[in-house]
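Working notes, structure below.
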Amino acid sequence: MPNNHEHRQYRIEEYVIKDEPFYLAVADEVEIFEAAYRQRVPVLLKGPTGTGKTRFVEYMAWKLGQPLTVVKDGATAMASNGAVPLVTVACHEDLSASDLVGRYLLDAAGTRWIDGPLTRAVKAGGICYLDEVVEARKDTTVIIHPLTDHRRLLTIDKLGEVVEAAESFLLVVSYNPGYQNVLKDLKHSTRQRFVALDFQFPDPEREAKIIAHESGADGEMSMLLAKLGHKVRTLGEHGLKEGASTRVLIYAGRLIKEGIAPRRACHVAVTWGITDDPQVQRSLDEVVTAIFP
């Protein structure tokens with residue numbers, strides 16, 4: 001059986017974000033990420049679900065590809081990093097090193113090698129974003145370690161190759177520390193290979209702006225939804241494992257914009273969306289009723 005060892009060439013354009021994603025900065029995370037990118041320092045994003053980690057990476061991939069005004073020796077010029085591809089991998093418990101690196105596939109012409117998403121990003125010089133990295137199998141950690149230090153190498157055992165990352169490659173990972181148990185926490189030997197950005201829920205005023213932009217709800221309704229999110233997140237002592245994410249508040253806003261009554265929209269998007277515990281649901285509905293009488 002013939003063995004087709006040719007590597008498929010991927011179009012960088014497939015992974016380039018052309019339109020600006022909406023992102024509202026909370027602190028100096030944009031400046032820190034830009035500095036990390038220039039120095040090729042891997043970045044770890046940590047924080048609860050729905051705090052904008054994925055949207056932030058998408059925004060940064062877009063922003064880094066935009067022209068920049070550079071002033072040197074009194075002269076103004078335009079510079080750019082060029083298009084920055086973004087390859088996103090949603091990690092899960094069955095994700096193996098082969099899923100990231102690549103594998104042989106069998107077709108009518110024989111066997112052929114298909115690069116995995118990590119390999120594509122390494123070769124194209126893009127950002128590889130491993131979302132919820134601790135959910136992946138442990139052998140994936142071994143694969144990414146050489147990409148996070150001075151070596152910047154990816155070993156492809158099945159091909160007997162070692163690929164040096166393109167100069168513009170950057171590895172970004174994320175995880176939710178509050179959600180993970182001891183068995184799935186990020187190893188210290190891994191996390192110390194990254195600079196870490198901590199994502200938390202924004203203040204109500206800023207969150208209201210995000211809800212208004214993403215849902216189309218008016219400013220007053222968006223402020224009430226942001227207030228609801230803030231109140232719900234204080235219910236941890238009542239058995240709620242995770243508070244209301246900005247995402248579920250946006251969903252409620254979209255339903256309200258479509259004519260669904262605010263209390264009902266919050267019931268299906270927030271109360272039912274974040275817990276199945278009847279007692280906790282009653283507590284959440286009390287908060288909803290207080291804000292939307």
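The values are calculated or read from the model by the stated rules, or taken from the named source; none is laboratory data. Computed from a predicted model, the values in this text were never measured in an experiment. Positions of Cβ are generated from backbone atoms using ideal geometry, with glycine treated the same way; all protein chains shown enter the neighbour counts.
Only one entry in Glu258, Glu242 is touching a helix residue (DSSP H, G or I) at 6+ places or on another chain (Cβ under 9 Å), loosely packed, with under 14 Cβ neighbours inside 10 Å and not small (Gly, Ala, Ser), namely Glu258.
Give me the residue from the stretch 13-31 that is out of contact with any Phe, Trp or Tyr (no Cβ under 6 Å at 6 or more places or on another chain) and over 26 Å from Asp203 (Cα atoms) and, out of that set, surrounded by the most Cβ atoms within 10 Å (Cβ to Cβ). Explain how you work it out, then say what you get.
Pass one, the stretch 13-31, residues out of contact with any Phe, Trp or Tyr (no Cβ under 6 Å at 6 or more places or on another chain): 13-16, 18-19, 22, 24-31.
Subset that is over 26 Å from Asp203 (Cα atoms): 13-16, 18-19.
Numbers: Glu13: 9, Glu14: 10, Tyr15: 21, Val16: 17, Lys18: 8, Asp19: 6.
Out of the qualifying residues, it is Tyr15.
In the stretch 32-55, of all residues being more than 19 Å from Glu207 (Cβ to Cβ) and out of contact with any strand residue (DSSP E or B) (no Cβ under 7 Å at 6 or more places or on another chain), the one that is surrounded by the most Cβ atoms within 10 Å (Cβ to Cβ) corresponds to Glu34.
Of the residues Asp198, Asp185, only one is modelled with pLDDT of 80 or more, of a type in the set (Asp, Glu) and either surrounded by fewer than 16 Cβ atoms within 10 Å (Cβ to Cβ) or outside the structural domain of Arg152 (by TED's automatic domain parsing) (or both); which? Walk me through how you get there before you give the answer.
On the way: Asp185 fails: modelled with pLDDT of 80 or more.
Residue meeting the stated conditions: Asp198.
Within the stretch 212-235, is there a residue that is touching a residue at least 60 places away in the same chain (Cβ under 8 Å), among the hydroxyl-bearing types (Ser, Thr, Tyr) and part of a helix (DSSP H, G or I)? The answer is no, given that none of the residues of the stretch 212-235 is touching a residue at least 60 places away in the same chain (Cβ under 8 Å), among the hydroxyl-bearing types (Ser, Thr, Tyr) and part of a helix (DSSP H, G or I).
On inspection, Ile260 fails the criterion of being of a type in the set (A, V, I, L, M, F, W, C) and farther than 21 Å from Pro293 by Cβ. Check whether at least one residue in the stretch 131-144 is more than 29 Å from Ile250 (Cα to Cα) and free of Cβ contacts under 8 Å to residues at least 12 places away in the same chain, and report yes or no. Looking for residues that are more than 29 Å from Ile250 (Cα to Cα) and free of Cβ contacts under 8 Å to residues at least 12 places away in the same chain, one finds at least one in the stretch 131-144, hence yes.
Looking at the stretch 13-126, the helices (runs of 4 or more DSSP H) lying wholly inside it that each contain 1 or more residues that are modelled with pLDDT of 95 or more and either within 20 Å of His213 (Cβ to Cβ) or within 14 Å of the chain's Cα centre (by Cα) (or both) sit at 29-39, 53-64. Scan the stretch 210-223 and give yes if some residue there is among the aliphatic types (A, V, I, L, M), within 21 Å of Lys46 (Cβ to Cβ) and not assigned by TED's automatic domain parsing to the domain that holds Gln39, otherwise no. Yes.
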